[in-house]
Structure formats: structure tokens, C-alpha cells
Amino acid sequence: MLEEENQNRRKIDGDTFAEAQILAENLLDVESDAALVLHQEHWHPGVVGIVASRMVEKYYKPSIMMATVDGVAKGSARSISGFNIYNALKRCEDLMIQFGGHKYAAGLTVELSRLDEFRDTFNAVVKEMMSDELKTPEIRVDSELSLSEITPRFIRLLNEFAPFGPANMRPVFLARNLEVVGTPRIVGRNHLRFRVRENGTVIDAIGFELGDLLPRMTQGRKDLECVFNVEEHDWGTPAGGSGKETLPQLKIKDLR
């Protein structure tokens with residue numbers, strides 16, 4: 001029963017994260033907006049905090065995820081390293097019913113009728129408060145990792161350290177001498193998608209907003225160095241199977 005509940009929770013988490021990415025990509029200007037404020041009536045209030053942390057990881061912007069609860073927008077805010085999201089919310093206090101938290105995480109409640117105004121104001125406040133230094137994350141590598149070590153067991157162990165956020169960053173790994181497999185391409189809004197091989201192990205990789213690095217990705221190149229997080233990605237229904245196939249993916253932070 002407990003395992004079934006955990007699987008259901010992970011599905012809700014994954015579905016919400018997928019919807020949040022679609023909203024961010026299609027409805028907001030993720031490149032110029034200083035912050036992300038996302039709301040859907042049907043989102044589960046129990047997962048918005050975790051998903052907000054995942055949005056921060058992906059887009060490296062202060063992020064707020066909100067659901068409708070008892071006729072109001074209620075949710076969680078998560079920040080990037082070094083940025084005080086509580087102080088930013090304090091400057092929007094007159095647009096909220098209530099809020100509370102600390103430097104990197106907060107909870108808030110907003111009237112549905114004021115949500116658009118709150119989003120615009122919060123984005124403007126964050127843009128004013130955010131220094132250029134904070135906009136670019138400092139990359140610290142935790143360990144070198146070979147692709148053959150990225151097994152289901154390894155990913156399960158990584159997930160034991162969740163939820164990740166500014167105070168508990170997702171581990172960063174370095175892999176050297178990787179071979180570029182196939183033809184790298186740009187997807188979405190300047191995202192770089194490609195595959196790499198080390199010995200007999202081939203893994204998919206994606207670098208969000210790293211499309212400018214495409215010229216470095218010569219097909220067949222065998223000396224690629226990547227700095228990355230390890231994550232799981234749903235690749236749809238496998239041939240002859242049912243449900244979604246979940247495979248490891250490298251989320252590229254930098255490469256050379």
C-alpha cells in the first residue's frame with residue numbers, strides 16, 4: 001500500500017512538472033522573465049513545493065507554483081542560491097492574502113483576481129533585486145562519473161537525497177572523453193539535445209538554453225567533456241509494451 005501511494009505521488013509530481021514546463025515554455029518568456037509564477041486550478045497542493053524546486057533547477061530562476069485551494073491561489077516559492085525570495089515577496093505584500101517563509105523558500109496565498117497583477121509585480125521586483133552575478137550559477141563538480149555507473153540502482157540512491165533545492169543541490173558530475181553519437185540538434189527554445197557514448201554505454205543528454213554550443217558538437221567527436229546532473233526522463237510507450245518507459249538522461253550544465 002505504501003509503495004502504491006509513493007508511485008501515485010511520483011506520478012502526480014511528474015505530471016505537474018511536465019505541465020509546468022509547458023506553461024513556462026509556451027505562456028511565459030522564460031528567457032527575459034526574471035522569475036516564474038505558474039498557476040493551475042487542478043494542481044495538487046501537496047507537490048507544488050517539490051515541483052517549484054525542480055523548476056528552479058531547470059530554469060535557474062526564482063519560481064512560484066500555485067494551485068487553487070478553497071477559491072484562492074495557494075502555493076510555494078523557491079529561490080536560486082544567493083537570492084532572498086522572502087524579501088522579494090515582502091515587497092509584494094499588499095497583493096497577497098498572506099505569506100511566510102525564509103530566504104530560499106516560502107508559502108503564499110493570493111486572490112485569483114489579483115494573480116496576474118501579482119505575477120507582473122513579483123517579476124519586476126525580482127528583476128530589480130537580481131544582480132548579474134546571481135543570474136549565472138556557479139558550477140561545482142561533486143565527482144567524476146562514468147556513464148556505465150548510471151544504473152537504475154544509482155538513480156534510486158540519488159533520489160533518496162531529494163527534495164533538491166538551494167540548500168540541498170542536486171549532485172553535479174563530470175564525464176570525460178565522451179563520443180558524440182548521431183546528429184545533435186536544437187529543440188524548443190534553444191535547447192541542445194544529443195546522445196553520448198562511453199565504451200558500450202549510450203545515454204541521451206539535453207542542455208537547456210545551450211543551443212549556442214551546437215557548433216562544438218561535431219558528430220563522431222570523441223573527446224567531449226560534460227558537466228551534468230543525472231535525471232530520469234519519460235520517453236513514451238516502448239514498442240510492444242504499456243505505460244511510459246523511464247530512462248536516465250544527462251542534464252547538461254556545461255561542456256567543452
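Residue by residue through segment 223-247, note down the ones that are modelled with pLDDT under 90 and either surrounded by 11 or more Cβ atoms within 10 Å (Cβ to Cβ) or in contact with a strand residue (DSSP E or B) (Cβ under 7 Å, 6 or more places away or on another chain) (or both). Step through it out loud before you land on a result.
Going through segment 223-247, the residues modelled with pLDDT under 90 turn out to be 231-247.
Answer for segment 223-247, where residues must be modelled with pLDDT under 90 and either surrounded by 11 or more Cβ atoms within 10 Å (Cβ to Cβ) or in contact with a strand residue (DSSP E or B) (Cβ under 7 Å, 6 or more places away or on another chain) (or both): Glu231, Glu232, His233, Asp234, Trp235, Thr237, Pro238, Lys244, Glu245, Thr246, Leu247.
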Hey, does segment 24-46 have a residue that's within 12 Å of the chain's Cα centre (by Cα) and surrounded by fewer than 19 Cβ atoms within 10 Å (Cβ to Cβ)?
-> no
Hey, among the residues in segment 134-183 that are outside any helix (DSSP H, G or I) and polar (S, T, N, Q), which one's farthest from Asn229 (Cα to Cα)?
-> Thr183
Filter segment 166-220 down to residues that are within 25 Å of Glu149 (Cβ to Cβ), of a type in the set (Val, Ile, Thr) and in contact with a strand residue (DSSP E or B) (Cβ under 9 Å, 6 or more places away or on another chain), then give me how many there are.
-> 7
Kindly list, by first and then second residue, each pair from a residue in segment 161-187 that is at pLDDT 85 or above to a residue that is of a type in the set (Ser, Thr, Tyr), limited to pairs with Cβ atoms under 6 Å and residues at least 6 apart or on different chains.
-> Phe173/Ser143
Out of all the residues in segment 82-138, which are touching a strand residue (DSSP E or B) at 6+ places or on another chain (Cβ under 7 Å) and of a type in the set (Gly, Ala, Ser)?
-> Gly100, Gly101, Ala105, Ala106, Gly107
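Return yes or no: is Ile97 surrounded by 24 or more Cβ atoms within 10 Å (Cβ to Cβ) and of a type in the set (A, V, I, L, M)? First the steps, then the outcome.
Values: surrounded by 24 or more Cβ atoms within 10 Å (Cβ to Cβ): no; of a type in the set (A, V, I, L, M): yes.
Answer is no for this residue.
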Odd one out for Phe208, checked against (1) of a type outside the set (Asp, Glu); (2) within 17 Å of Cys226 (Cβ to Cβ); (3) surrounded by fewer than 15 Cβ atoms within 10 Å (Cβ to Cβ); (4) under 15 Å from the mean Cα position of the chain (by Cα) | (3)
Scan segment 117-129 and give yes if some residue there is farther than 20 Å from Arg54 by Cβ, touching a residue at least 60 places away in the same chain (Cβ under 8 Å) and within 21 Å of the chain's Cα centre (by Cα), otherwise no.
-> yes
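The values are calculated or read from the model by the stated rules, or taken from the named source; none is laboratory data. Everything numeric in this text was worked out from a predicted model, so none of it was measured. Positions of Cβ are generated from backbone atoms using ideal geometry, with glycine treated the same way; all protein chains shown enter the neighbour counts.
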